[in-house]
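Working notes, beginning with the structure itself.
The values are calculated or read from the model by the stated rules, or taken from the named source; none is laboratory data. All figures in this text were calculated on a predicted structure; none of them were measured in a lab. Positions of Cβ are generated from backbone atoms using ideal geometry, with glycine treated the same way; all protein chains shown enter the neighbour counts.
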Amino acid sequence: MTRWFEDIVLGEEFALGDHMFSQDEITAFATLYDPQYFHIDPEAARQSHFGGIVASGWHTVSIGHRLMVDALFAEEDRLRALGQEPGVSGPSPGVNSMDFKVPVRPGDTVRYTLVVTDKRPSNSIPGWGLLFNTITAVNQRDELVYRAELVGFSKRRDYVMPLSLKLMQALSKSPVIGKWIKRGS
């Protein structure tokens, strides 16, 4: 999230945008990254339990991730336009769950939404907080096609490093003391 950890409001929905999946795009993605018959072979897919070509779940995820990153950049631009300094987004330590509920078919338009459901200061990385997010994707019939619970880091604006940590950090840069500290870890 391109807001400071302290500014994140739990439960706020972020519309990430939507995407229309074409058959050409579905088969092109699958040919490169997930070449299973129900993604790339129309005849075989028609005879399967899917009844036709369906998008790879990874394709659905990749589009949603791209829209999420685009939304982060747009939020950064919006805050700067208001004269505010945007926060700093960090990496994701992982995905807690991921479900594919309904197949995405050619012609489907999928709408993605992100909600921050919880947050807490990081126990392992000083100056950062963890955001617990849910991303959902629904098709034009309002059927849930994808849902995931993601975790991401967000920089804390008001963090002040404790003196003991500053001292350890400074000492670890000393060639002799740094080796001793690393051996003790």
Item to check | Filter result for residue 120 (under 24 Å from residue 158 (Cα atoms), touching a Leu at 6+ places or on another chain (Cβ under 8 Å) and either loosely packed, with under 13 Cβ neighbours inside 10 Å or of a type in the set (Lys, Arg) (or both)) | outcome: yes
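If a residue must be within 14 Å of residue 63 (Cα to Cα) and not acidic (Asp, Glu), how many such residues does the stretch 22-45 contain?
6
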Next on the checklist: Within the stretch 76-88, does at least one residue satisfy the condition of being touching a strand residue (DSSP E or B) at 6+ places or on another chain (Cβ under 9 Å) and not in a helix (DSSP H, G or I)?
Outcome noted: yes
Checklist entry - Hey, does the stretch 46-65 have a residue that's among the charged types (D, E, K, R) and under 26 Å from residue 149 (Cα atoms)? => result no
Checklist entry - Cβ-Cβ below 8 Å, separation at least six or inter-chain, first residue in the stretch 37-57 and at positive phi and assigned to a loop (DSSP other than H, G, I, E, B), second of a type outside the set (A, V, I, L, M, F, W, C) and exposed (fewer than 13 other Cβ atoms within 10 Å of the Cβ): which pairs? => result 52/46
Next on the checklist: Take the conditions surrounded by 13 or more Cβ atoms within 10 Å (Cβ to Cβ) and not polar (S, T, N, Q) and apply them to residue 7. Does it pass?
Outcome noted: yes
Item to check | Only one of 111, 78 that is within 20 Å of residue 12 (Cα to Cα), charged (D, E, K, R) and at pLDDT 95 or above | outcome: 111
Next on the checklist: Among the residues in the stretch 162-180, are any modelled with pLDDT under 85, in a loop (DSSP other than H, G, I, E, B) and not basic (Lys, Arg)?
Outcome noted: yes
Next on the checklist: I'm told residue 134 meets every condition in (1) under 28 Å from residue 109 (Cβ atoms); (2) in contact (Cβ under 8 Å) with a residue 24 or more places away in the chain; (3) surrounded by fewer than 20 Cβ atoms within 10 Å (Cβ to Cβ) except one. Can you identify the failing condition by its number?
Outcome noted: (2)
Checklist entry - Of all residues in the stretch 96-117, which are exposed (fewer than 14 other Cβ atoms within 10 Å of the Cβ) and under 24 Å from residue 5 (Cβ atoms)? => result 96, 97, 117
Checklist entry - Out of the stretch 41-67, which residues are of a type in the set (A, V, I, L, M, F, W, C) and either surrounded by fewer than 17 Cβ atoms within 10 Å (Cβ to Cβ) or at pLDDT below 95 (or both)? => result 44, 45, 50, 58
